[in-house]
1. Does any residue of region 18-29 turn out to be loosely packed, with under 10 Cβ neighbours inside 10 Å, in a loop (DSSP other than H, G, I, E, B) and touching a residue at least 12 places away in the same chain (Cβ under 8 Å)?
2. Select from region 32-89 the residues that are under 14 Å from Thr6 (Cα atoms), surrounded by fewer than 10 Cβ atoms within 10 Å (Cβ to Cβ) and touching a residue at least 12 places away in the same chain (Cβ under 8 Å) and list them in ascending order.
3. Applying the selection to region 28-61, what residues are farther than 18 Å from Asp14 by Cβ and among the polar types (S, T, N, Q)?
4. Taking region 9-19, which residues are out of contact with any helix residue (DSSP H, G or I) (no Cβ under 9 Å at 6 or more places or on another chain) and modelled with pLDDT under 95?
5. Inspect all residues belonging to region 59-72 and state whether any of them is touching a helix residue (DSSP H, G or I) at 6+ places or on another chain (Cβ under 8 Å) and over 29 Å from Ser82 (Cβ atoms).
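The values are calculated or read from the model by the stated rules, or taken from the named source; none is laboratory data. Everything numeric here is computed off the predicted structure, so don't read it as measured data. Quick reminder, even Gly has a Cβ in these numbers, built from the backbone with ideal geometry, and neighbours come from all protein chains shown.
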Amino acid sequence: MSKYNTVYMIEWIDAASLGVWLEQSAVITFGREENLVQSVGHLVYKTTDYIVLAGSMCTEGFSNNVVKIPRALIRSIKRVRSGGEVDLQ
């Protein structure tokens, strides 16, 4: 497994939308809410604008559960450190 990229947890604010008619006070309330998301995955690619994580990677070079997070929405980035093997049985 050491050939895979380092695993990170990124906390970021998700964009949101509502497709319904709302009174102005409800729109303001909606606008004040932050939708904090925690994404954990292998760091696949990064630019000055985005970070790309993959939740799963396989030895054949495929990735799954890929998320592209705009850096402007990121609140924190933490490297996930292994504490050794864990017996889940």
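1. yes
2. Arg79
3. Narrowing region 28-61 to residues farther than 18 Å from Asp14 by Cβ: 28, 42-48, 54, 56-61.
Across region 28-61, the qualifying residues are Thr47, Thr48, Ser56, Thr59.
4. Ser17, Gly19
5. Looking through region 59-72, none of the residues is touching a helix residue (DSSP H, G or I) at 6+ places or on another chain (Cβ under 8 Å) and over 29 Å from Ser82 (Cβ atoms).
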